[in-house]
1. Kindly list the number of the only condition in (1) modelled with pLDDT of 95 or more; (2) open to solvent by 20 Å² or more (accessible area, probe 1.4 Å); (3) not hydrophobic (A, V, I, L, M, F, W, C) that fails for Tyr200.
2. Just to verify a result, which residue in region 144-172, among those that are in a strand (DSSP E or B) and in contact with an Asp or Glu (Cβ under 7 Å, 6 or more places away or on another chain), is farthest from Val64 (Cα to Cα)?
3. Here are Gly155, Gly124, Gly116, Gly136: which of them is within 22 Å of Phe92 (Cα to Cα), open to solvent by less than 60 Å² (accessible area, probe 1.4 Å) and more than 11 Å from the chain's Cα centre (by Cα)?
4. Any residue at all in region 123-130 that is among the charged types (D, E, K, R), in a loop (DSSP other than H, G, I, E, B) and touching a residue at least 40 places away in the same chain (Cβ under 8 Å)?
5. Given Leu75, Leu84, which one is outside any loop (DSSP other than H, G, I, E, B), open to solvent by less than 20 Å² (accessible area, probe 1.4 Å), modelled with pLDDT of 95 or more and touching a Ser or Thr at 6+ places or on another chain (Cβ under 7 Å)?
6. I'd like to verify a number: residues in region 104-113 that are on the phi < 0 side of the Ramachandran plot, part of a loop (DSSP other than H, G, I, E, B) and open to solvent by less than 50 Å² (accessible area, probe 1.4 Å), how many?
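The values are calculated or read from the model by the stated rules, or taken from the named source; none is laboratory data. This structure is a prediction, so every number in the text was calculated from the model and none was measured. Positions of Cβ are backbone-derived with ideal geometry, glycine not excepted, and every protein chain shown enters the neighbour counts. Just the protein is used for accessible areas: all its heavy atoms, side chains included, with ligands, DNA and RNA removed. Shrake-Rupley method; radii C 1.70, N 1.55, O 1.52, S 1.80 Å.
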Amino acid sequence: MKRSGRIAMVLGLIVVGLIGTSVAGLAGWYAVDRTAMIGGLCRAGLPNLSRPHDVDARRLGCAVLGPKQRVTGILLGDFELSSLVMGDRLRFDQNDEVTNETAWFSATDGLAERGGDRLREQMGRYVPGGCGMRIGSITVDGWMTESKGSYGHLGMAEREFWADRVVSIGPPSAEAVEVYGGSLAANPELADYCRGRERYAAQVGQ
């Protein structure tokens, strides 16, 4: 074998070894910290490898989504509010504060054809005692962010849930209305505001 051929062969083996090492390194990184790996590659300019097709790439950015899951909870909607309170029932601490995890609720492209029409109908209904908020009991399939951040209006949520299919949506429980609407109405600074919203909602029937 000529000297140039031996050099080419050695260089080829080195390249193959480097590629193998890189692949093994990425696989190890993924196994140890998937969120950091996908987020890091995304910030370096690669596509977000956790993004499902129906999630808007511009809105998601480099936030890393976990596997698809089914969540049951309470959906709170209001001006600049879209909050999913997770859990089949409300949980409280010793100070009667709700301890359920929450996430900003976002819709994937095409959700309207996958139960979003029923979601809009429920969240457009007036809920007596709700201080004008829109409240619904929901079960939904979708993806939760694994990377904590500042999501939603003014970055008020640490996580974001991307809804892909509304399994069920219905009126809220009396407990949910009392906890969220009642707590607002009981606040002296908000009592008049809540009464005004309640009167308006009752008049327009929405």
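1. (1)
2. Val167
3. Gly136
4. Yes.
5. Details: Leu75 fails: touching a Ser or Thr at 6+ places or on another chain (Cβ under 7 Å).
The conditions single out Leu84.
6. Of the residues in region 104-113, 1 are on the phi < 0 side of the Ramachandran plot, part of a loop (DSSP other than H, G, I, E, B) and open to solvent by less than 50 Å² (accessible area, probe 1.4 Å).
For every residue, the table says whether it meets (1) open to solvent by less than 30 Å² (accessible area, probe 1.4 Å); (2) under 30 Å from Asn187 (Cα atoms); (3) hydrophobic (A, V, I, L, M, F, W, C); (4) modelled with pLDDT under 95.
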residue	(1), (2), (3), (4)
Asn48	yes, no, no, no
Leu90	yes, yes, yes, yes
Thr102	no, yes, no, no
Met144	yes, no, yes, no
